[in-house]
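Structure record follows, encoded as structure tokens.
The values are calculated or read from the model by the stated rules, or taken from the named source; none is laboratory data. This structure is a prediction, so every number in the text was calculated from the model and none was measured. Glycine gets a Cβ as well: all are built from the backbone with ideal geometry, and neighbour counts include every protein chain shown. With ligands, DNA and RNA removed, areas are computed over all heavy atoms of the protein, side chains included. Shrake-Rupley method; radii C 1.70, N 1.55, O 1.52, S 1.80 Å.
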Amino acid sequence: MDFTGLITKKIKAALGERSDQLEISNLIEKPKDLKKGDFAFPTFVLAKKFKKAPFLIAKEISEKIDRSGFEKIVSEGPYVNFFIEKNSFTNNTLQQILTNREFGNNSDGQGKKVVIDMSSPNIAKPMSMGHLRSTVIGEAISKIAQANGYDTFKINFLGDWGTQFGLMIAAYKLWGDDEVIEKDPVNELVKLYVRINKEAENDPKLKESGRAWFKKLEDGDHEATQLWSWFKSVSLKEFQRVYDRLGVSFDSLNGEAFYNDKMQPVVQMLKEKNLLVPSQGAQIVDLPKLLPDENFPIAMIVRSDGATQYITRDLASAIYRYDHYHFSHALYVVGNEQKDHFDQMKAILKLAGDDWSDGIEHIGFGLITMNGKKMSTRKGNVVALSDVLDIAHKLASQQISEKNPDLKDADKVAEEVGVGAVIFNDLKNERNLAIDFDMNKIVQFEGDTGPYVQYTNARANSILRKSNYSLSGFNEDFKFYDQQAWPIIVRLSQYGQAVKRAWEMREPSIIAKYLLNLSRDFNSFYGNTVILVDGPELPSRLALVKATSTILKRGLELLGVKAPSQM
Ligand code: ARG
């Protein structure tokens, strides 16, 4: 519940027309002294406007205002003080969470489809930390969109086409060993590729052979196609292991190669719309000339040797996706360094008269560094993704064996905690910010971490287990007993706002921050209250614990993080 919004509405209703142009909500305060109410409204600003004494205005408002939902609303000098009816608010919030599985979801997106381009690694290359970010952010945004009523469709736009595959085939024909490749596909393919590039410096025939193989591949030659498919399938198998650990799946794996036969119509369309001009043998869209007020570079559509470009494939894929999925939004979860590319693509579609391109959004994100260093795959600073997950798993395992040596399924839980820690770390800050990775920190059970939220949920579950509660014991009205619990109840009531806002901003961090706050609220309650004491308070307290756990789990689920009930 947004109390400030509710109070603003009530004040405006009490004041009638006089309040039409007034900013009320910014004036509402939270008094430090609880005796002065949960919220207070000072009338000084109105006094100046209405030329009336503040205490008279406060009195007038307190007499006219609608009191529903409040225990009392009284004036005290120049202030109007608001006291929330905590019993009914508590009961209402807890009942909703415990009985309505859809609590916090909304149906804003009903009947609309969001297509999400995410992950999209390049085959025969290691998946980078950037691809990890894209995967994790895309997955969370997909789940958040669903919670807002949208249908989603996740596309892994694999980088599976380009002249490098010609060279790779040439290298394979010279030095490739199937058995070695099968064992460690991506690394071995990278090695072959590096070797041929190096040897080609002194032997131009190698480059020539690469070009010839690529030509064969383009022409659909059987052997070339088979080798390319094999490179693709061994790479995918390796990527799949990471996807499985992250719990991510896709609705389509149509990558760049899928668009090979769909680019000519795009080139033709651009020509027909007079957007394509020749330039030194190439064909370009002259964006600086067409849109002089924007700051776009020229877009190269067909190179002078006839090769189409990354942007040509993306134009083809955008058009294909609109034709096939009729999306309301098409999100591209790709690092900030590709912002210009997507801006160009969108501008070209718009110039071509495709108004649906308004639904295209580049969902950018910042760089990942590890202990302050850029994690590049080229400069030897190589950190394979599966290694990152392995380290996280091990660190989680160590903590579990210290804190809970008898835990059953400890290895499964360590995986959920380790992988969860990596995902949560990726999502807890605004996506545009660069994030640094300090493995030891992010797997801690304390601090702004995923394991901290998971641990809070496990703690709540352990209280419930010890209490032997059963849901049927929750038939009565819940009451508000513990001052310390008030922040939890207010926070729980705001879950739906967080879900909505996370979608509006395309920002999973809003959910992550919400969960950290809810965990802190809960832990300070837990630290100050003996919960399991027999008495009239018990059912209400247990309901609060149960509701907290429910929302922690649902929020973690939106982020793609597991919520073990013990850890
Ligand atoms: N494969 C590209 C890369 O690794 C990312 C592709 C992003 N998606 C797209 N539709 N362009 O940089």
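Annotations
- Extreme residue, modelled with the lowest pLDDT, among residues of segment 116-151 that are surrounded by fewer than 21 Cβ atoms within 10 Å (Cβ to Cβ) and in a strand (DSSP E or B): Asn122
- Selection from segment 32-47 of residues that are of a type in the set (Phe, Trp, Tyr) and surrounded by fewer than 18 Cβ atoms within 10 Å (Cβ to Cβ): Phe44
- Segment 295-322, residues that are more than 16 Å from the ligand (Cβ to nearest atom) and either closer than 30 Å to Phe153 by Cβ or in contact (Cβ under 8 Å) with a residue 60 or more places away in the chain (or both): Phe296, Val302, Ala307
- Residue within segment 311-332 that is within 21 Å of the chain's Cα centre (by Cα), of a type outside the set (S, T, N, Q), open to solvent by 20 Å² or more (accessible area, probe 1.4 Å) and within 30 Å of Leu427 (Cβ to Cβ) present: yes
- Residue match in segment 417-433 (condition: within 16 Å of the ligand (Cβ to nearest atom), modelled with pLDDT of 95 or more and closer than 29 Å to Pro297 by Cβ): yes
- Answer from Asp184, Asp108, Asp160 - the residue that is more than 16 Å from the chain's Cα centre (by Cα) and under 25 Å from Glu430 (Cβ atoms): Asp108
- Residue among Phe50, Phe55, Phe82 that alone is open to solvent by less than 20 Å² (accessible area, probe 1.4 Å) and away from the ligand (no atom under 16 Å from the Cβ): Phe82
- Test: residue in segment 459-468 that is surrounded by fewer than 21 Cβ atoms within 10 Å (Cβ to Cβ), at pLDDT below 95 and β-branched (Val, Ile, Thr): no
- Matching option when the condition is at pLDDT below 95, surrounded by fewer than 24 Cβ atoms within 10 Å (Cβ to Cβ), over 30 Å from Trp228 (Cβ atoms) and touching a Gly at 6+ places or on another chain (Cβ under 9 Å), among Ser88, Ser107: Ser88
- Selection status of Ser75, small (Gly, Ala, Ser) and open to solvent by 50 Å² or more (accessible area, probe 1.4 Å): no
- In this structure, Leu542 does not qualify as in a helix (DSSP H, G or I), within 21 Å of Val248 (Cα to Cα), in contact with a helix residue (DSSP H, G or I) (Cβ under 8 Å, 6 or more places away or on another chain) and of a type outside the set (Lys, Arg).
- Residue within segment 507-520 that is out of contact with any strand residue (DSSP E or B) (no Cβ under 8 Å at 6 or more places or on another chain) and outside any helix (DSSP H, G or I) present: yes
- Of all residues in segment 408-438, those satisfying the criterion of being open to solvent by 10 Å² or more (accessible area, probe 1.4 Å), among the hydrophobic types (A, V, I, L, M, F, W, C) and not in a helix (DSSP H, G or I) are Leu433, Ala434.
- Matching entry among Glu63, Glu102 (being closer than 29 Å to Asp482 by Cβ and open to solvent by 30 Å² or more (accessible area, probe 1.4 Å)): Glu102
- Given (1) open to solvent by less than 50 Å² (accessible area, probe 1.4 Å); (2) away from the ligand (no atom under 16 Å from the Cβ); (3) closer than 25 Å to Val422 by Cβ; (4) not acidic (Asp, Glu), index of the condition Leu227 fails: (3)
- For Leu15, the test of being touching a Pro at 6+ places or on another chain (Cβ under 9 Å), open to solvent by less than 20 Å² (accessible area, probe 1.4 Å), modelled with pLDDT under 95 and among the hydrophobic types (A, V, I, L, M, F, W, C) is failed.
- Residue count for segment 191-206, restricted to those that are open to solvent by 40 Å² or more (accessible area, probe 1.4 Å) and either in a helix (DSSP H, G or I) or of a type in the set (Lys, Arg) (or both): 9
- Subset of segment 146-167 (residues that are within 16 Å of the ligand (Cβ to nearest atom) and over 23 Å from His324 (Cα atoms)): Gly162, Thr163, Gln164, Phe165
- Among the conditions (1) surrounded by fewer than 16 Cβ atoms within 10 Å (Cβ to Cβ); (2) modelled with pLDDT under 95, the only one that Pro288 does not satisfy is (2).
- Matching residues in segment 230-255 - criterion: being open to solvent by less than 50 Å² (accessible area, probe 1.4 Å), under 30 Å from Ala563 (Cα atoms) and of a type outside the set (Val, Ile, Thr): Leu236, Glu238, Phe239, Tyr243, Leu246, Gly247, Phe250, Ser252
- Ala47 over 37 Å from the mean Cα position of the chain (by Cα) and either touching a residue at least 60 places away in the same chain (Cβ under 8 Å) or within 29 Å of Ile489 (Cβ to Cβ) (or both): no
- Taking segment 93-132 as the range and being more than 9 Å from the ligand (Cβ to nearest atom) and touching a strand residue (DSSP E or B) at 6+ places or on another chain (Cβ under 6 Å) as the test, the residues that pass are Lys113, Val114, Val115, Ile116, Met129.
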